[in-house]
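One structure is given below, encoded as structure tokens.
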Amino acid sequence: MPTSNTLHLGVAQSALNQAAQLLRDGELVAFPTETVYGLGADARNGVAVANIYAAKGRPSFNPLIVHVPDVASAQRYVVWNDTAQVLADQFWPGALTLVLPLREGHGLSSLVTAGLDTLAIRVPNHPTAQQLLRLADAPIAAPSANPSGRISPTTAQHVLAGLSGKIAAVVDDGPCGVGLESTILGLTPEVAVLRHGGVAAEQIETALGCALTQAGPNKITAKITAKITAPGQMLSHYAPVEAVRLNVLDPQANEVVLGFGAIRCDLNLSASGDLIEAAANLFGHLHQLDKTSRPIAVTPIPEHGLGRAINDRLRRAAAPR
Ligand code: TXA
Ligand code: MG
């Protein structure tokens, strides 16, 4: 994780080129969108994405929104459908995030989706964000650029107050226009508002020509919706098929062993004991071990830094279901 001084960049062409290069190099760059400032990283680079969690001090791995400059770019990462097209025609670029099935060969780090087979994706409506995405020529994963548990930033000063010294740069283009995060709409294939935000539910109802109903204090679903998926909140949101045991030092003969550090195992999250590397490998390794159809034993992982988020996710995977 970078600990040097955070660059405070403007929006001159040279500054944006520098920001784009940093992103391509796997560094973290905060940038303005019309909703809030995002903390960006190359979504294909697992270590860069792991560093987002480290910089924010997030205690768990919530899936992240990927930002792209246009619909054609979005279609490289998700399975597109007619409803998505209607919504994109109306609201993109803009404050609407669509959750769609991941497309085969997407090339994104599994940490971006926290191991899910769906992806939250959005085309921001902000000239600087647009320029940066085109210059970086990469899908950019970006949560709001604030430390975990703090308020979302709507100025570069907010970003620096929370993350200075922990990220490579912030691109400063003044305050965000919307000042509220994007609305997140699940289309997998049920239509469900997963988070209220910059695009009003009524506007979505009008665009889709169907009524949305209130289904909880902060969630509404289309009448056609059977269920809501709120992955971050569910205890076993990514659970391997077979049982998972944690803090195992004496694995049983039938178990496959997921290791950490200098230890004998079938797959190692990080042989050198690097928690950032371990986070980047976590979901990919779990998927791989899951394919063996054997119970998974996980060796101890330290409960500090990204180890907390790794252990949180593993506890969910190990939860009774
Ligand atoms: O306006 C915004 O959306 C800002 C700017 C930077 O674009 N980003 C933002 O990201 O608010 P974040 O990480 O703070 O919130 C992302 C939300 C999380 O609550 C997460 O659970 C949800 O998106 N999410 C991400 N991927 C998902 C998925 N595959 N299915 C359901 N929800 C997902
Ligand atoms: Mg946030």
Item to check | Alpha-carbon centroid distance for the pair region 275-321 / region 61-123, whole angstrom | outcome: 25 Å
Checklist outcome for this item: Once Lys and Arg are counted +1 and Asp and Glu -1 for all other residues with Cβ under 11 Å from that of residue 106, the total becomes +1
Checklist entry - Summing -39500 (n - 2.57) over the DSSP H runs of n ≥ 4 in the chain and dividing by its residue number, what mean residue ellipticity at 222 nm do you reach, to the nearest 500 deg cm²/dmol? => result -8500 deg cm²/dmol
Next on the checklist: I want to check the label-to-label distance for residue 117 and residue 76. Put each point 7 Å from Cα in the C-beta direction and report it in nm to one decimal.
Outcome noted: 2.4 nm
Checklist outcome for this item: Packing-ranked peptide list from 140-152, 119-131, highest mean Cβ count within 10 angstrom first, is 119-131, 140-152
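Assuming 0.36 nm per residue, please report the length gained on full extension of the stretch residue 304 to residue 190 beyond their Cα-Cα distance.
So the chain would gain 37.2 nm between residue 304 and residue 190.
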Checklist entry - residue 150 to residue 293: extension gain in nm, 0.36 nm per residue of separation minus the Cα-Cα distance? => result 47.4 nm
Checklist entry - Give me the log10 of I(q) over I(0) for the chain at q = 0.09 Å⁻¹, as the Debye formula computes it from C-alpha points; what are the numbers? => result -0.46
Checklist outcome for this item: If each K or R counts +1 and each D or E counts -1, the residues other than residue 253 whose Cβ falls under 13 Å of its Cβ total -2
Checklist entry - Considering only 162, 259, 41, whose Cα is most displaced toward the positive end of the charge dipole of the chain, charges sitting on Cβ of Lys, Arg (+1) and Asp, Glu (-1)? => result 259
Checklist entry - Which of 277, 205, 27 moves the most in a Gaussian network model of the chain with Cα springs under 10 Å? => result 205
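Of the accessible area of the chain, with the probe set at 1.4 angstrom, what percent is carbon plus sulfur?
On the way: 6860 of 13510 Å².
C and S atoms contribute 51 percent here.
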Item to check | Label point distance in nm, residue 247-residue 200, each placed 7 Å from Cα along Cα→Cβ | outcome: 5.1 nm
Checklist entry - If you bin the C-alpha pair distances of region 1-116 every 5 Å from 0, what whole percents do you get? => result 2, 10, 19, 22, 21, 15, 8, 3, 1, 0
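The values are calculated or read from the model by the stated rules, or taken from the named source; none is laboratory data. As the structure is a prediction and not an experimental result, all values here were calculated from the model. Here the Cβ is made from the backbone with ideal geometry for all residues, glycine too, and neighbour counts use every protein chain on show. Quick note on the areas: whole protein, heavy atoms, side chains included, nothing else; ligands and nucleic acids left out. Shrake-Rupley method; radii C 1.70, N 1.55, O 1.52, S 1.80 Å.
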